[in-house]
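Nothing in this text is a laboratory measurement; each read-out follows from the coordinates by a stated rule. Just so we're clear, the structure is a prediction, and the values are computed from it rather than from any experiment. Heads up, the Cβs are rebuilt from the backbone with ideal geometry, glycines too, and the neighbour counts pull from every protein chain shown.
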Amino acid sequence: MITVLDYGGGNLKSIVNALNALGVEFRMTDEAEDVLNAERLIFPGQGHFGQVMDALKFRGLAEPLRSKLNEGMPFLGICVGLQVLFEASEEAPGIEGLSIFKGRNVRFTEGKIPQIGWNKIKTTEADSVLKDDYFYFVNSFHAVPEDASIVSAIAEYGRPFTAAVQRNNIAATQFHPEKSGAAGQEVLRRWVESFGIETEK
């Protein structure tokens, strides 16, 4: 079973459509108990770093989520679902992230902000579920990890930036696989099938 986190924002409709297309069983929840019992979880992304962290805390989801990530629950974060894994963001000074990874999110200083549209990623890990391809981005900020080894893909927008991260049970993308057509659907398929879950071809 896949759990999709509903924290009051995100991009639920698109991720639901993508999972339905794969024919996999999933449930949406905004309950802390469901997070604590989750076997694997998708954190759909869309929104402001500070508002998302405030929503997680208000709903009592931040600590259960942090605990499960540290315990090894398989996790896929999307867009802001990647950014909240870090300690802080220039988007919301003084607001602490989940602090799973050391580092912070910084604002783009070049190009039109936000970045909206297709951009090509270059993968950095052979065992990643990602492949070099074009994916759809909507972001004004990007993560700068202290540990560069967690970066599983980079892209260029005026300068190289973190397009995805991966470490052990945690994978997260700055782009939106659920809005990236066939390439994005393949990312979701490979992530789901990595647990031995069958999908519709």
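Out of 122, 179, report the one residue that is surrounded by fewer than 14 Cβ atoms within 10 Å (Cβ to Cβ) and not acidic (Asp, Glu).
None of the others qualify; the one that does is 122.
Here's the yes/no breakdown for (1) touching a strand residue (DSSP E or B) at 6+ places or on another chain (Cβ under 6 Å); (2) among the β-branched types (Val, Ile, Thr):
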site: 66; (1), (2): no, no
site: 89; (1), (2): yes, no
site: 96; (1), (2): no, no
site: 109; (1), (2): no, yes
site: 132; (1), (2): yes, no
site: 137; (1), (2): yes, no
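Residues to consider are 98, 69, 76; find the one that is buried (at least 19 other Cβ atoms within 10 Å of the Cβ), part of a helix (DSSP H, G or I) and not β-branched (Val, Ile, Thr).
69
Does residue 35 meet the test of being touching a helix residue (DSSP H, G or I) at 6+ places or on another chain (Cβ under 6 Å) and either among the acidic types (Asp, Glu) or assigned to a loop (DSSP other than H, G, I, E, B) (or both)?
No: the conditions fail for residue 35.
Please go through the stretch 165-201 and pick out each residue that is of a type in the set (A, V, I, L, M) and under 15 Å from residue 118 (Cα atoms).
182, 183, listed by residue number.
Working only within the stretch 146-175, note down all residues that are touching a Gly at 6+ places or on another chain (Cβ under 7 Å) and within 21 Å of residue 111 (Cβ to Cβ).
Selection gives 157, 158.
Could you count how many residues in the stretch 107-123 are in a loop (DSSP other than H, G, I, E, B) and free of Cβ contacts under 8 Å to residues at least 24 places away in the same chain?
1
Taking the conditions exactly as written (among the aliphatic types (A, V, I, L, M) and farther than 26 Å from residue 161 by Cα), does residue 36 satisfy them or not?
Considered against the rule, which asks whether it is among the aliphatic types (A, V, I, L, M) and farther than 26 Å from residue 161 by Cα, residue 36 comes out as yes.
Spot the failing condition for residue 45; the list is (1) in contact with a His (Cβ under 8 Å, 6 or more places away or on another chain); (2) of a type outside the set (Val, Ile, Thr); (3) assigned to a strand (DSSP E or B); (4) closer than 24 Å to residue 1 by Cβ, and only one is missed.
(3)
Find the residue count for the stretch 158-182, including only residues that are outside any strand (DSSP E or B), small (Gly, Ala, Ser) and closer than 26 Å to residue 4 by Cα.
Going through the stretch 158-182 one residue at a time, the tally reaches 3.
Can you pull out every residue in the stretch 10-39 that is within 17 Å of the chain's Cα centre (by Cα) and without any contact (Cβ under 8 Å) to a residue 24 or more places away in the chain?
Within the stretch 10-39, 13, 16 meet the criteria.
List the residue pairs whose Cβ atoms are under 7 Å apart, where the first residue sits in the stretch 67-79 and is touching a residue at least 24 places away in the same chain (Cβ under 8 Å), the second is assigned to a loop (DSSP other than H, G, I, E, B) and charged (D, E, K, R), and the two are 6 or more positions apart or on different chains.
Pairs found: 73/40; 74/40.
Tell me yes or no: at least one residue of the stretch 145-157 is in contact (Cβ under 8 Å) with a residue 40 or more places away in the chain and in a helix (DSSP H, G or I).
Yes, that holds for at least one residue.
Can you pull out the residues in the stretch 13-25 that are outside any loop (DSSP other than H, G, I, E, B), crowded, with 17+ Cβ neighbours inside 10 Å and out of contact with any Phe, Trp or Tyr (no Cβ under 8 Å at 6 or more places or on another chain)?
Matches in the stretch 13-25: 14, 15, 18, 22.
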